[in-house]
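Asker: Pasting a structure here, questions to come.
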Amino acid sequence: MRIVVCIKQVPDTTELKIDPITGTLIRKGVPSIMNYDDKAALEEALKLKDKFGAKVIAISMGPNQAAEVLEEALAMGADEAILISDKKFGGSDTWATSNILSEAIKKIGFDVIFAGRQAIDGDTAQVGPQIAEKLNIPQVTYVNKIDYNGEFFIVNREMDNYIETIKIKPPVLFTILKEANQPRYMNIKNLVEICSNENNIRILTNDDLKIPDNIIGLNGSPTKVRKTFTPELSKKGIILEGNIVDNVNTLISNLKERHLL
């Protein structure tokens, strides 16, 4: 089984700041990490490798620094890592990104594709499903449990108020929730091998993929982000002090006034 895992390098949102004048993200000095849902997706792929001997190929689209998360994927146990990087890809929205990733995955070859549900820097949950659509394969999203019997995948996907169980054959794309598992730590032996081999990551550019310029990058993106901002808090809380019984009665009275009780 050949498994391709899509991973993304994202800003650590606990450190995220927004320029108050321009409304854009301040990325300088902000640490980058592997997207949480993508790490869970990688773990699911590695569990299949452990059990069935699958080959796991981690891919990421981004600038050269995105190689850091690919090295982390190799250290966790991925067999191969591919960076999809070209200045022409800069500014791609989800639609243009999926154009690029689907072409790269076709070139790489696959039986199964794993991706995170969504990236913490965009929260769109669009790229995985768009890849499946462009590759003309089935997709199962919001997966929190996955098993394989050698022929079929049996997966649970989270819906709003129930769990849906699906039985499906490859080829297929899954998007995984970060709650699906606890990703493993990097392996020290793998880290040593990565440090001793400077050519452990393969790079694909648009010279390799040959995608038309009008469907990639900023100019090929039908959506544009005009501004990013932190919403201001418009409501103030009420602090009740003193006798507990009086406070409870006051709270109940306030809730009734607001028709919340």
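The values are calculated or read from the model by the stated rules, or taken from the named source; none is laboratory data. If you're wondering where the values come from, they're calculated on a predicted model, not measured in any experiment. As a convention, Cβ positions derive from the backbone with ideal geometry for all residues, glycine included, and neighbour counts pool all protein chains shown.
Asker: With E232, E158 as the choices, which residue is acidic (D, E) and buried (at least 16 other Cβ atoms within 10 Å of the Cβ)? Can you show your working first?
Answerer: Numbers: E232 fails: buried (at least 16 other Cβ atoms within 10 Å of the Cβ).
Result of the check over E232, E158: E158.
Asker: Looking at E198, E151, which one is in contact (Cβ under 8 Å) with a residue 12 or more places away in the chain, charged (D, E, K, R) and surrounded by fewer than 10 Cβ atoms within 10 Å (Cβ to Cβ)? Before the answer, list the steps.
Answerer: On the way: E198 fails: in contact (Cβ under 8 Å) with a residue 12 or more places away in the chain.
Going through E198, E151 in turn, just one is in contact (Cβ under 8 Å) with a residue 12 or more places away in the chain, charged (D, E, K, R) and surrounded by fewer than 10 Cβ atoms within 10 Å (Cβ to Cβ): E151.
Asker: Looking at T175 and the list (1) within 23 Å of Y36 (Cα to Cα); (2) of a type in the set (S, T, N, Q); (3) at pLDDT below 95, which single condition is not satisfied?
Answerer: The single condition T175 does not satisfy is (3).
Asker: Sticking with this one: Specify which of the listed residues (I131, I113, I163) is farther than 30 Å from K189 by Cα, of a type outside the set (D, E) and surrounded by 16 or more Cβ atoms within 10 Å (Cβ to Cβ). Lay out the reasoning, then the answer.
Answerer: Details: I113 fails: farther than 30 Å from K189 by Cα; I163 fails: surrounded by 16 or more Cβ atoms within 10 Å (Cβ to Cβ).
Only one candidate passes the filter, namely I131.
Asker: Filter the range 141-170 down to residues that are touching a strand residue (DSSP E or B) at 6+ places or on another chain (Cβ under 7 Å) and more than 14 Å from A125 (Cβ to Cβ), then give me how many there are.
Answerer: At the first step, the residues of the range 141-170 found to be touching a strand residue (DSSP E or B) at 6+ places or on another chain (Cβ under 7 Å) are 141-147, 152-158, 163-168, 170.
Keeping just the survivors that are more than 14 Å from A125 (Cβ to Cβ) gives 144-147, 152-156, 163-168, 170.
Residues meeting the conditions: 16.
Asker: A further question follows. For the range 79-93, enumerate the residues that are modelled with pLDDT of 90 or more and either acidic (D, E) or within 21 Å of L135 (Cα to Cα) (or both).
Answerer: Filtering the range 79-93 for residues modelled with pLDDT of 90 or more gives 79-89.
Result: D79, E80, A81, I82, L83, I84, S85, D86, F89.
Asker: Out of the range 43-71, which residues are surrounded by 18 or more Cβ atoms within 10 Å (Cβ to Cβ) and closer than 19 Å to L204 by Cβ?
Answerer: V56, I57, A58, I59, S60, M61, G62, A66, A67, V69, L70, E71
Asker: On to the next question. Please give the number of the condition N187 fails out of (1) within 17 Å of A96 (Cβ to Cβ); (2) in contact (Cβ under 8 Å) with a residue 24 or more places away in the chain.
Answerer: Every condition holds for N187 apart from (1).
Asker: Can you pull out every residue in the range 78-90 that is among the small types (G, A, S) and under 17 Å from N35 (Cα atoms)? Please lay out each step first, then the result.
Answerer: Restricting attention to the range 78-90, the residues satisfying the condition of being among the small types (G, A, S) are 78, 81, 85, 90.
Of everything in the range 78-90, those that are among the small types (G, A, S) and under 17 Å from N35 (Cα atoms) turn out to be A78, A81.
Asker: List the strands (runs of 3 or more DSSP E) that sit entirely inside the range 1-73 and contain at least 3 residues that are modelled with pLDDT under 80. Break it down into steps so the answer makes sense when it comes.
Answerer: On the way: elements: 2-6, 9-11, 32-34, 55-61.
So the answer is none; nothing clears 3.
Asker: Sticking with this one: Taking E103 as the residue in question, decide whether it is in a helix (DSSP H, G or I) and either out of contact with any strand residue (DSSP E or B) (no Cβ under 9 Å at 6 or more places or on another chain) or surrounded by 18 or more Cβ atoms within 10 Å (Cβ to Cβ) (or both).
Answerer: On the way: in a helix (DSSP H, G or I): yes; either out of contact with any strand residue (DSSP E or B) (no Cβ under 9 Å at 6 or more places or on another chain) or surrounded by 18 or more Cβ atoms within 10 Å (Cβ to Cβ) (or both): yes.
Answer is yes for this residue.
Asker: Does the range 204-227 hold any residues that are surrounded by fewer than 13 Cβ atoms within 10 Å (Cβ to Cβ) and either of a type in the set (K, R) or touching a Ser or Thr at 6+ places or on another chain (Cβ under 7 Å) (or both), and which are they? So that I can check it myself, show each step before the final result.
Answerer: Of the range 204-227, the ones surrounded by fewer than 13 Cβ atoms within 10 Å (Cβ to Cβ) are 207, 210, 212-214, 219, 222-227.
Result: K210, K224, R226, K227.
Asker: Still on this structure, please answer the following. Among the numbered conditions (1) within 25 Å of S102 (Cβ to Cβ); (2) touching a strand residue (DSSP E or B) at 6+ places or on another chain (Cβ under 7 Å); (3) among the β-branched types (V, I, T), tell me where I215 comes up short.
Answerer: (2)
Asker: Take K189 and tell me if it is basic (K, R) and closer than 29 Å to L74 by Cβ.
Answerer: Numbers: basic (K, R): yes; closer than 29 Å to L74 by Cβ: yes.
So K189 fits the description; yes.
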